[in-house]
Amino acid sequence: MNYSNILVNQEGAIATITINRPTKLNALNKATIEELHQAFKNADVDKSIRVIILTGSETKAFVAGADISEFADFDVKNGGELAQKGQELLFNFVENLSTPVIAAINGFALGGGLELAMSAHFRVASTNAKMGLPEVSLGVIPGYGGTQRLPKLIGKGKAMELIMTAGMLTAAESLNYKLVNYVVEQEELLPFCIKLASKISNNSSTAIASAIKAVNAGYRNDINGFETEIQEFGNCFGTADFKEGTTAFLEKRRPNF
Ligand code: COA
């Protein structure tokens, strides 16, 4: 598959998707969102891929937001459609992917960039990273799930402050607020994420897919997280991975998933 705005690379069981519009600080235009959707979709059905790392090209930005030049002349209808389509195609899509997604935040993650990082299953940042939702400084609000995911990750009060001030958190502050799991030097960012991804890739991908579903269910209002957990727990008992995992344990060997 040929992409113009992203790079996709696979090494072993780990795929790395890199947003590649460095002259625009990797801003998310419509074409990039569509390419990302396709790349995530392809990676999710490819059973040789067990973990996806998402990052931005070069060292200045992960993603500096939605591409402002594309929506500057939108009206109310266009604005609503932009948010709805983006949420469906990319942000909710990534959050609900059965393959784990780690966001490797290598610089500015602003607006849609932070929203994309928050859609990933967890985040690692480089020391130079800066994160924020500056939309109100443009007369608009976060539209790719930011008003929903940020309060869940860092708490309502701090999220309100960050959104209202259009301010930015440093990497250290993001770690303090548990917005990211780790902060590492820029040159260590991808090697560190690959190490984490390798650990994940040794475990059962069917069980991990069930775990993602169950954890995500707890953050929704339309389904019951405990019921989802019961159902997914039960489903695991019908998988080859469950047989292999339990057999390997009893035979005192490593499982081969
Ligand atoms: N949409 C479109 N283009 C963007 C962009 C965005 N969200 N963010 C950066 N760019 C472009 C700039 O227009 C500039 O393009 P140009 O060279 O053709 O003029 C290029 O990327 C470099 O950005 P620049 O602003 O010159 O870099 P800087 O180092 O001075 O500032 C930022 C970096 C991140 C502080 C600044 O780019 C910025 O505030 N970006 C917008 C952040 C934002 O509001 N995001 C939310 C959008 S809803």
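The values are calculated or read from the model by the stated rules, or taken from the named source; none is laboratory data. No experiment lies behind these values; they were computed from the predicted model shown. Here Cβ is always computed from backbone atoms with ideal geometry, including for glycine, and neighbour counts include all displayed protein chains. Just so you know, the surface numbers come from the protein's heavy atoms only, side chains and all, with ligands and any DNA or RNA stripped out. Shrake-Rupley method; radii C 1.70, N 1.55, O 1.52, S 1.80 Å.
Amide H of LEU169 versus every other amide H placed in the peptide plane: which residues, excluding those fewer than 5 positions away on the same chain, fall under 5 Å?
Sorted by chain and number, the residues that satisfy this are MET131, GLY132.
Report the label-to-label distance for LYS47 and THR23 in nanometres (one decimal), using points 7 Å from each Cα along the Cα→Cβ vector.
Distance between the two pseudo-spin positions: 4.3 nm.
Taking Cα centroids, how far is segment 136-159 from segment 216-257 in Å?
Using only Cα atoms, the two centres lie 33 Å from each other.
Subtract the Cα-Cα distance of GLU227 and SER98 from 0.36 nm times their separation in residues, and report this length gain in nm to one decimal.
Here the answer is 44.6 nm.
Nearest-5 percent of antiparallel DSSP beta bridges in the chain?
That works out to approximately 25 percent antiparallel.
Only helical DSSP H runs with n ≥ 4 go in: add -39500 (n - 2.57) per run for the chain, normalise by residue count and round the 222 nm mean residue ellipticity to 500 deg cm²/dmol.
For the chain, the value works out to -13000 deg cm²/dmol.
Which value in nm describes the separation of the simple spin-label points at ASN9 and PHE122, placed 7 Å from the Cα toward the beta carbon?
Result for the modelled spin labels: 2.4 nm.
Read phi for every residue in segment 206-214 and hand back ³J(HN,Hα) as whole Hz from Karplus 6.51 cos²θ - 1.76 cosθ + 1.60, θ = phi - 60°, with x for Gly and Pro.
The phi angles translate into 6, 5, 5, 4, 5, 5, 4, 4, 5 Hz.
So, taking all protein chains as they sit and a 1.4 Å probe, how much accessible area belongs to THR165, in Å² rounded to tens?
Ignoring ligands and nucleic acids, THR165 comes out at about 90 Å².
Over what distance in Å are the Cα centres of segment 15-51 and segment 66-120 separated?
12
Whole-Hz Karplus ³J(HN,Hα) for segment 34-40, in order, using 6.51 cos²θ - 1.76 cosθ + 1.60 and θ = phi - 60°, x for Gly and Pro?
5, 5, 4, 4, 5, 5, 5
Around GLY107, which amide H atoms from residues at least 5 apart in sequence, or from another chain, sit under 5 Å from its own amide H, with H modelled in the peptide plane?
Under 5 Å from the amide H of GLY107: PHE62, SER126, LYS130.
Going by average Cβ neighbours within 10 Å, how do the peptides 186-199, 72-85, 119-132 rank, with the highest at the top?
So the peptides 186-199, 72-85, 119-132, ranked by packing, come out 119-132, 186-199, 72-85.
What size of dipole, in debye to the nearest 20, comes out for the chain about its Cα centre when the only charges are +1 on Lys and Arg C-beta atoms and -1 on Asp and Glu C-beta atoms?
With only Lys, Arg, Asp and Glu charged at Cβ, the dipole is about 580 debye.
Mind counting lysine pairs for me in segment 144-257? Cα separation below 16 Å, and the two need to be 8 or more apart along the chain or on different chains.
For segment 144-257, the number of qualifying lysine pairs is 4.
Quick one: work out the % antiparallel among DSSP beta bridges in segment 78-230, nearest 5.
Antiparallel bridges: around 15 percent, rounded to the nearest 5.
Kindly identify segment 83-145 as rounded, prolate or oblate by the Cα gyration tensor criterion: order the square roots of the eigenvalues as a ≥ b ≥ c, call it rounded if a/c is under 1.5, otherwise compare a/b with b/c, prolate if a/b is larger, else oblate.
Taking the square roots of the gyration eigenvalues as a ≥ b ≥ c, segment 83-145 is oblate.
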